[in-house]
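First the structure, in the form of structure tokens, and then the observations on it.
The values are calculated or read from the model by the stated rules, or taken from the named source; none is laboratory data. Every value quoted in this text rests on a predicted model; they were computed, and no experiment measured them. Because the Cβ atoms are built from the backbone with ideal geometry, glycine has one as well, and the counts that use them run over all protein chains shown. For accessibility, only protein heavy atoms count, side chains too; no ligands or nucleic acids. Shrake-Rupley method; radii C 1.70, N 1.55, O 1.52, S 1.80 Å.
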Amino acid sequence: MKQSVFLFSLSVTLLFFMACEGRKPTVRQLPNQGDTPYQQDTILVTYATNPERALTLLDSAVLLGNISEFRGQCIRARIYSKSLVEQRQDSAILICKELLRHDSVRKEPAEQENILDLLIAISRAKPDYEEYMHWATQKAELCQQQGQETERWRSEAEVGFLMTHLGQENEGLAKLDEAISHLDAPGSIDRMDAFIVAVKRKINALNGLQRYSEVIPLGQRILNRLDHFESHIKDYAEDSYRLSWSDHPNDRDRYLDFSRAQAWGFMATAYSHTKNPPKGEESSYLSLAKKYLSLFDNSGYGKTFSARRMIAPTQMALGMYDEALVTYDELERRMAADTLNEDYAIILRSRAIAARDKGNFAEALGYQTRYADLLKAVSDSLHRSEAHDYAARYHAQEQQLEIQEKQAEAEQFRIVSLAVAVVALLAIAFAIYFFRQKRIVTEKNRALVRLINEQQAPKDVPSAPDNQFSVFNDIDAAIRSERLYTNIGLQRQDICDRFNISRHALNDLLAEHTGGLSFPQYVNKIRLEEALRMLHDEPQKTISAIATEVGFSSSNLREQFKRQYGITPADYRQNL
């Protein structure tokens, strides 16, 4: 089948070039520039401080061929996600959803995780807590399927953070503590990073609850873990595709700078906002707040756009109005015309507070009035459409390139049309071949369905099983009869606790009676067998409903079913 498609495409291509032979192309072909500024690493470093410049570099890199269209979309989504304009954030979400359907992403769990991480970050920034919860849960399920415990608990920390925002404060903080406790062990770079992320999520939750005094020890835990890592670098296994530093020590230094700076920022904010410090330590808290603020300002990360947004409220809380105003001036320069958002409204309100405390009441009134007007404008649908128009103008350059290419194609249209008749004949021949191949595939599928049904016929069970088989039979019967497999959170330890056996004993039973399957593989096998039975015996149920009943998503059932039986659920049911 694939060979026929290739032959057809090759024929069309040859005809096209035969028809166009002898004509010079009107669009200048740009050579690959090799080692130029238009590389992925350069773009990703640039977008932290200058998103617009990063987009220009990205467009040039794709045009030059230094970056593929697919990778370019991944980078574009990351850059859009950093924008304060809601339309660009929405564009980033649409790009990510499209990427999740891309074949190269669906076949690579690591790529799926990266995109889900980006969707989580965008939902958190908007904030859209329903979407945030959806993507965090989806990532947790993916990590559980892949047996990635570290990433699973990293995602569970996200869920705990969300619960605190949805009114489940105690449950959310308990889940965050559980995630932190699972990740709080040195010896792995990946686990260290997940631990730091989980601690930061709890800090964010506590800041939202205004429990600032509890943030201070958490910030210190981050600093202690980073100090331990630097003192025992050789003892930390580089076990993550996310954080591979063996060949790039500069990446490690940037990571340490970023993580330390954020911890310093958290602690500066906590010390400055603690309302009732211990008696006699008020001045100490103030000096500590300024100390950590100074460390933050002098870090590499502290000079970035996101860092300045993070620390400006702390400067205001410390009464450092002049410094805060300098920070806001810098933020406004970087925001340029991108001011139709709540972040800029916060800047106006802070300027009003600073002017009021300095006695400049007229200036304070002006800023307060602009603040109120901007809040109204942000919620106005008319301004939303203007933001869409702004984004459209940004893409004008790309559209201009497309126009030039279409003009070149128009000149060649007359010649290409001469080949249409030949292509039509080839298409007819291909259609005949296609339907013939489809018929053959249908017959093969029917034969495969018969073979599957024969293989699934009940097999004789030994009349006098030994004790080991009896235990396995009890486990298997419980999972099947009580439908334990429908619980996507079913763990190996749940079975061990119920049947009072050790994990080692359970592994031995699985090795002996399932042909060496792991526990997740064994449970998935039962799910697939139940799905197969329901497809055969319950035609009134949809495949999506069957997937849900056996503990799969629709796409996951299709992938697992085809891997196990060599045919999709839909084809199996169709060829019964």
Candidate set from region 383-435 (those that are open to solvent by less than 60 Å² (accessible area, probe 1.4 Å), small (Gly, Ala, Ser) and at pLDDT 70 or above); member that is nearest to Leu57 (Cα to Cα) | Ala408
Give the number of residues within region 485-519 that are closer than 18 Å to Glu530 by Cβ and open to solvent by 70 Å² or more (accessible area, probe 1.4 Å).
-> 2
Looking at Ile93, is it farther than 21 Å from Ile488 by Cα, buried (at least 19 other Cβ atoms within 10 Å of the Cβ) and at pLDDT 85 or above?
-> yes
Report, by residue number, each residue of region 80-134 that is over 19 Å from Thr150 (Cα atoms), not polar (S, T, N, Q) and not in a helix (DSSP H, G or I).
-> Lys82, Leu84, Val85, Arg101, His102, Lys107, Lys126, Pro127, Asp128
Single condition Leu340 does not satisfy, out of (1) part of a loop (DSSP other than H, G, I, E, B); (2) under 20 Å from Leu218 (Cα atoms) = (2)
Subset of region 325-338 that is surrounded by 14 or more Cβ atoms within 10 Å (Cβ to Cβ) and in contact (Cβ under 8 Å) with a residue 24 or more places away in the chain - its residue that is nearest to Lys126 (Cα to Cα) = Asp338
Looking at region 272-284, is at least one residue over 20 Å from Leu209 (Cα atoms) and either surrounded by 14 or more Cβ atoms within 10 Å (Cβ to Cβ) or modelled with pLDDT of 85 or more (or both)?
-> yes
Report, by residue number, each residue of region 206-262 that is open to solvent by less than 60 Å² (accessible area, probe 1.4 Å), at pLDDT 80 or above and among the acidic types (Asp, Glu).
-> Asp257
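Against the condition touching a residue at least 24 places away in the same chain (Cβ under 8 Å), open to solvent by less than 30 Å² (accessible area, probe 1.4 Å) and either out of contact with any Asp or Glu (no Cβ under 7 Å at 6 or more places or on another chain) or not hydroxyl-bearing (Ser, Thr, Tyr) (or both), how does Gln73 come out, does it pass? Step through it out loud before you land on a result.
Values: touching a residue at least 24 places away in the same chain (Cβ under 8 Å): yes; open to solvent by less than 30 Å² (accessible area, probe 1.4 Å): no; either out of contact with any Asp or Glu (no Cβ under 7 Å at 6 or more places or on another chain) or not hydroxyl-bearing (Ser, Thr, Tyr) (or both): yes.
For Gln73, the condition - touching a residue at least 24 places away in the same chain (Cβ under 8 Å), open to solvent by less than 30 Å² (accessible area, probe 1.4 Å) and either out of contact with any Asp or Glu (no Cβ under 7 Å at 6 or more places or on another chain) or not hydroxyl-bearing (Ser, Thr, Tyr) (or both) - is not met.
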Scanning region 182-216 residue by residue, those of a type in the set (Gly, Ala, Ser) and part of a helix (DSSP H, G or I) turn out to be Ala194, Ala198, Ala205, Gly208, Ser213
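Kindly indicate whether Lys234 is under 30 Å from Gln87 (Cβ atoms) and of a type in the set (D, E, K, R).
On the way: under 30 Å from Gln87 (Cβ atoms): no; of a type in the set (D, E, K, R): yes.
When the stated conditions are applied, Lys234 does not pass them.
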Lone qualifier among Tyr80, Tyr129 - being in contact with a helix residue (DSSP H, G or I) (Cβ under 8 Å, 6 or more places away or on another chain), hydroxyl-bearing (Ser, Thr, Tyr) and open to solvent by 20 Å² or more (accessible area, probe 1.4 Å) | Tyr129
Hits in region 167-198 (condition: open to solvent by less than 10 Å² (accessible area, probe 1.4 Å) and in contact (Cβ under 8 Å) with a residue 40 or more places away in the chain) = Ser188, Ile189, Met192, Ala194, Ile196, Ala198
Among (1) in a helix (DSSP H, G or I); (2) without any contact (Cβ under 8 Å) to a residue 24 or more places away in the chain; (3) open to solvent by 60 Å² or more (accessible area, probe 1.4 Å), the one test that Leu288 misses | (3)
Quick check: is even one residue across region 530-537 surrounded by 14 or more Cβ atoms within 10 Å (Cβ to Cβ) and over 36 Å from the mean Cα position of the chain (by Cα)?
-> yes
For region 96-118, what are the residues that are of a type outside the set (S, T, N, Q) and open to solvent by 50 Å² or more (accessible area, probe 1.4 Å)?
-> Lys97, Glu98, Arg101, His102, Asp103, Arg106, Lys107, Glu108
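I want to confirm something. Restricting to region 294-312 and keeping residues that are buried (at least 16 other Cβ atoms within 10 Å of the Cβ) and basic (Lys, Arg), which single residue is farthest from the chain's Cα centre (by Cα)? Talk me through it step by step, then tell me what you get.
Going through region 294-312, the residues buried (at least 16 other Cβ atoms within 10 Å of the Cβ) turn out to be 295-297, 299, 301-302, 304-305, 307-312.
Still in the running and basic (Lys, Arg): 308-309.
Values: Arg308: 25, Arg309: 23 Å.
Among residues in region 294-312 that are buried (at least 16 other Cβ atoms within 10 Å of the Cβ) and basic (Lys, Arg), the one farthest from the chain's Cα centre (by Cα) is Arg308.
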Return the residue satisfying two criteria in turn: it lies in region 346-375 and is under 32 Å from the mean Cα position of the chain (by Cα) and closer than 17 Å to Met310 by Cβ, and of such residues it is surrounded by the most Cβ atoms within 10 Å (Cβ to Cβ).
-> Ile347
Can you tell me which of Thr164, Thr150, Thr137 is in contact (Cβ under 8 Å) with a residue 12 or more places away in the chain, open to solvent by 40 Å² or more (accessible area, probe 1.4 Å) and either assigned to a helix (DSSP H, G or I) or under 26 Å from Phe552 (Cα atoms) (or both)?
-> Thr137
